[in-house]
1. When you check THR271 against the structure, is it modelled with pLDDT of 85 or more, polar (S, T, N, Q) and either more than 23 Å from VAL166 (Cα to Cα) or surrounded by fewer than 18 Cβ atoms within 10 Å (Cβ to Cβ) (or both), yes or no?
2. Given (1) more than 21 Å from the chain's Cα centre (by Cα); (2) closer than 30 Å to GLU358 by Cβ, identify the lone condition not met by GLN104.
3. Among the residues of segment 81-90 satisfying the criterion of being within 28 Å of the chain's Cα centre (by Cα) and not in a loop (DSSP other than H, G, I, E, B), which is surrounded by the fewest Cβ atoms within 10 Å (Cβ to Cβ)?
4. Would you confirm, using the coordinates I've provided, whether ARG317 is among the basic types (Lys, Arg), within 18 Å of the chain's Cα centre (by Cα) and in a helix (DSSP H, G or I)?
5. Quick check on PHE263: is it over 22 Å from VAL37 (Cα atoms), outside the structural domain of ARG132 (by TED's automatic domain parsing) and out of contact with any helix residue (DSSP H, G or I) (no Cβ under 6 Å at 6 or more places or on another chain)?
6. Return the only residue of VAL51, VAL108 being hydrophobic (A, V, I, L, M, F, W, C) and over 30 Å from THR349 (Cα atoms).
7. Looking for something of a type outside the set (A, V, I, L, M, F, W, C), in contact (Cβ under 8 Å) with a residue 40 or more places away in the chain and farther than 30 Å from LYS298 by Cα - is there at least one such residue anywhere in segment 110-122?
8. Taking segment 22-56, which residues are in contact with a helix residue (DSSP H, G or I) (Cβ under 8 Å, 6 or more places away or on another chain) and more than 15 Å from ARG130 (Cα to Cα)?
Amino acid sequence: MNTAATTTTPPPGFKEARSLRQKSRAAGMCPDYWYAVEEVRNVKPGTVVEVVFWKRSIALFRSDDGEFHAVENRCAHRQLKLSLGQVDDCKLVCAYHGWKYDEQGRVVEIPDLFGRKELPDISIRSYPIRVRYGLVWLFPGNPELAGQRSIPEIPEIEGNDRWACVPLGFTCAAHHSMIIDNVSDFSHAHLHRKYRPFDGAELTACKTLGDDVHLEYDSRVGRGRISGLFVDHGRLNTNHMKLCYQYPYQWSNTDDEIKHWLFVLPIDERTTRTFFLFYFKSLKIPLLPVRIPRFAMKSLMKISNRLLIGPLLDQDRVAVEAEQSGYERHWDEPAIEVNPVVAAFQRVTVRKWQEYLEREAGAGHAAA
């Protein structure tokens, strides 16, 4: 092996990659799904922000009435990012010449037409948008498929008797496949020895069904020095966990009492935004056999995100960012994995991206 190549040559692209690991680390994600792109609370009415889906810049704006809209992040005139502009009622205004776009991406006003009587017919692409679970969802793929795809159903956090849940998100300098590997590969308990969210994981099932990889672990969950005080171990048996890479999403379920979803937003080959939803059926008051009232759970979740779950996930962030850096230096080293779930995830990621590229190539040939 040429050692110099591992330190001076960048990792191969998807078409050039040879191994499963190399292909998975270069793959994008199929755009024909709903992707969480921002937390609702982060976009106030009358503001615009930039979101990115796999190198594609999109202007997400919220009109004065609170509705969300999304268009290509470029003015058709001079190609400035529209996220540099401002929102005027339900229109997005370019910062340079004041061109106004409606929620469909159509130019509806040009301040100076230089004597022209009619507004030219100009438009940019718009994207379907939905709001659910405190998150803004965008469909970056074929808009005709938006109605056929569903945002994951999470009945526990909807309705009058919903479980408490506060979204927790951050941006990670690592490829999305590394993050999926991390959250479902429970052989890294050593990393979390300070917080001990799980302990002694034994893989008992791993099966790929279509686009989903289903896993099961026997593991002691919720045994941290502080977090364990809130789990009623006398009543609950939190020793078995089911997980699934439900492409492009990931979830876990511990004895129907502790659950989470992870939604990744792939930005490029080395950057991913993540949105975690952790929710608990009930927690107890430490040192007492008394459940915390449902009305107080949301406030507790906010504190937990800041003091427990956030720091725990930050350990994962540091680890996968270091893995990304290591991969970029040593991408041609042999892939050594002891947990078979990692290869299962990577095969699905690679296959879905390959299928998408083939569909795009076929559509291009048909159009030609």
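The values are calculated or read from the model by the stated rules, or taken from the named source; none is laboratory data. What you see is a predicted model; the values in this text were computed from it and never measured. Positions of Cβ are backbone-derived with ideal geometry, glycine not excepted, and every protein chain shown enters the neighbour counts.
1. yes
2. Result: GLN104 fails condition (2) only.
3. Ranking the qualifying residues of segment 81-90, first place goes to LEU84.
4. yes
5. Here the answer is no, as PHE263 does not meet what is asked.
6. Answer to the selection: VAL108.
7. Among the residues of segment 110-122, not one is of a type outside the set (A, V, I, L, M, F, W, C), in contact (Cβ under 8 Å) with a residue 40 or more places away in the chain and farther than 30 Å from LYS298 by Cα, which makes the answer no.
8. Taking segment 22-56 as the starting set, the residues that turn out to be in contact with a helix residue (DSSP H, G or I) (Cβ under 8 Å, 6 or more places away or on another chain) are 23-25, 27-32, 48-50.
Residues satisfying the conditions are LYS23, SER24, ARG25, ALA27, GLY28, MET29, CYS30, PRO31, VAL48, VAL49, GLU50.
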